[in-house]
């Protein structure tokens with residue numbers, strides 16, 4: 001029976017440990033390789049790179065005139081010819097032919113005051129003139145008769161056919177008749193003057209338009225007392241206010257420090273708050289030769305070249321003082337961007353458009369130059385944000401941070 005010595009027993013271990021270590025090493029290398037590849041991809045995409053701080057500008061639609069505007073100011077539309085129509089007499093308003101917004105012609109009767117007394121005075125003066133004319137005609141007939149008698153007696157006196165007394169009597173009648181004619185002529189002239197005065201006084205009861213215009217306000221109604229001074233209770237000093245719409249101008253306040261950039265006849269572009277889509281042509285009509293010390297400004301009046309029936313007095317207006325006149329092709333919106341944002345390479349023009357903190361290279365097609373701006377025909381849209389600085393650090397799809 002063999003010797004049972006357990007101490008001599010052994011278990012053979014397989015070479016598994018060394019294989020596991022080798023497999024772990026390969027796995028770690030593969031993992032590191034994937035990490036490096038991923039890091040390279042992320043770096044290429046800019047995920048792991050620091051964001052470049054950039055300054056940006058917006059692609060916008062502008063009017064070409066904005067690029068050669070020297071100065072901007074604000075003001076109001078004001079009628080340079082305006083009148084509050086009233087009467088020189090105190091009376092009751094009995095007729096009113098207009099209301100606000102009505103257009104009137106020069107000489108149109110706008111209103112009429114109670115005029116019975118003036119009408120009666122005119123009729124009396126007219127009758128006096130007719131009576132004076134009749135008396136003058138009678139005086140002239142007496143003068144003709146006296147003249148014939150005098151001439152006959154003068155001839156007979158030379159023949160000694162009439163006495164000296166008869167001749168003297170004929171001469172006296174002739175002189176009296178002549179004096180009566182002169183008196184009646186003076187009376188007629190006085191009567192005619194009185195008639196003209198009565199007509200004038202009667203005319204005061206009719207309120208007429210002094211020029212072509214539009215009624216702005218109606219200050220009295222039929223039945224109101226109209227008086228020149230308007231001091232009485234419930235009395236009206238004027239019936240209506242009218243304005244000549246062809247005399248409308250914009251009155252704008254320009255700072256004293258900028259008034260040197262304004263001159264008579266300078267082209268302007270006018271925008272009204274009530275007509276935001278309209279840009280009207282104008283020119284400097286006058287510079288008021290005094291300053292407003294409270295505002296440190298000088299008033300400038302700008303005349304409209306483009307007429308528009310929608311322009312009304314007291315509308316708010318903005319004025320752009322231009323360095324030159326607006327050309328016909330410069331009256332519409334154009335899409336523009338800052339010329340300094342454009343990069344040119346191999347005859348290709350492109351910009352970097354910022355979106356979601358990434359700057360993407362985009363080719364563009366540009367048109368005319370408008371000062372510091374360039375017209376964009378194709379490539380970007382209005383409202384998009386583009387990089388203007390620093391362009392030398394830009395690459396496609398680089399991570400950026402917009403500077404405050």
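So here's what we get for this one:
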item	result
Potential lengthening between residue 294 and residue 126 on full extension [0.36 nm per residue; Cα-Cα distance subtracted]	54.5 nm
Using alpha-carbon coordinates, inclination of helix 164-203 to the longest axis of the chain, degrees	20 degrees
Segment residue 347-residue 172, extension gain: residue separation times 0.36 nm, minus the distance between their alpha carbons	51.1 nm
Estimated FRET transfer efficiency (residue 283, residue 339; beta-carbon r; R0 22 Å; 0.05)	0.15
Label point at residue 197 placed 7 Å out along Cα→Cβ; residues across segment 129-162 whose backbone nitrogen lies under 20 Å	129-133
Förster radius 25 Å - calculated FRET efficiency between residue 80 and residue 221 (Cβ-Cβ, nearest 0.05)	0.30
Descending semi-axes in whole angstrom, ellipsoid equivalent of segment 190-300, from the Cα gyration tensor	42, 18, 17
Longest to shortest principal axis, alpha-carbon extents of segment 335-404, angstrom	31, 27, 18
Two-decimal Rg/Rh across segment 102-216, once Rg and the Kirkwood Rh are taken from alpha-carbon atoms	1.40
Two-site label geometry, residue 58 and residue 368: point separation in nm, points 7 Å out along Cα→Cβ	2.5 nm
For segment 161-212, convex hull of alpha carbons as volume per residue, Å³	76 Å³
Inter-site label distance for residue 401 and residue 109 at 7 Å from Cα along Cβ, in nm	8.4 nm
FRET efficiency estimate (nearest 0.05) - Cβ-Cβ, residue 159 to residue 137, R0 35 angstrom	0.55
The chain - Rg and Dmax from Cα coordinates, angstrom	50.2, 227
Distance between modelled label sites at residue 28 and residue 323, nm, 7 Å Cα→Cβ extension	7.1 nm
Length gained when the stretch residue 70-residue 190 is fully extended (0.36 nm per residue, less Cα-Cα span)	36.5 nm
Among 220, 83, 135, residue whose mean-square fluctuation peaks in a GNM of the chain (springs only between Cα atoms under 10 Å)	135
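Read the figures in this text as sums done on the coordinates, not as results from a lab. No experiment lies behind these values; they were computed from the predicted model shown. Please note: Cβ atoms are built from the backbone with ideal geometry, for glycine as well, and neighbour counts cover all protein chains shown.
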